[in-house]
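Below is one structure, written out as C-alpha cells, with a few remarks after it.
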Amino acid sequence: MDEAQAVMIAKGRRAGALCSRIGPRHLMVAPDDLPAFRTALLKLGCVLPARP
C-alpha cells in the first residue's frame, strides 16, 4: 500500500472508523473489526489479500 491509499482508507467514513494509521503506509485494525474493515474496503474499491 502506498501513502495515498493509506490516507484514502483512513479518511473513509466507514473504513476510517475501523482503523488507525500507524505510519505513512501502515494501518492497524483490531482483529474483531477485520470483517467489517474488509467490507468497507470493498466499497472503496480496494481488496485486502487473504492471510496465508
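The values are calculated or read from the model by the stated rules, or taken from the named source; none is laboratory data. This structure is a prediction, so every number in the text was calculated from the model and none was measured. With ideal geometry, Cβ positions are generated from the backbone for all residues, glycine too; neighbour counts draw on all protein chains shown. Calculation scope for accessible area: heavy atoms of the full protein, side chains included, ligands and nucleic acids excluded. Shrake-Rupley method; radii C 1.70, N 1.55, O 1.52, S 1.80 Å.
For the range 28-47, check the following and say yes or no: at least one residue is open to solvent by less than 50 Å² (accessible area, probe 1.4 Å), of a type outside the set (Gly, Ala, Ser), touching a residue at least 40 places away in the same chain (Cβ under 8 Å) and not in a strand (DSSP E or B).
Yes, the range 28-47 has at least one match.
What residue, among those in the range 6-21 that are of a type outside the set (A, V, I, L, M, F, W, C) and over 15 Å from ALA36 (Cβ atoms), is surrounded by the most Cβ atoms within 10 Å (Cβ to Cβ)?
ARG21
Between residues in the range 1-19 that are basic (Lys, Arg) and residues that are open to solvent by less than 20 Å² (accessible area, probe 1.4 Å) and in a helix (DSSP H, G or I), which pairs lie under 6 Å by C-beta distance while being six or more apart or on different chains?
Taking only residues 6 or more apart or on different chains, the pairs are ARG14/ALA40.
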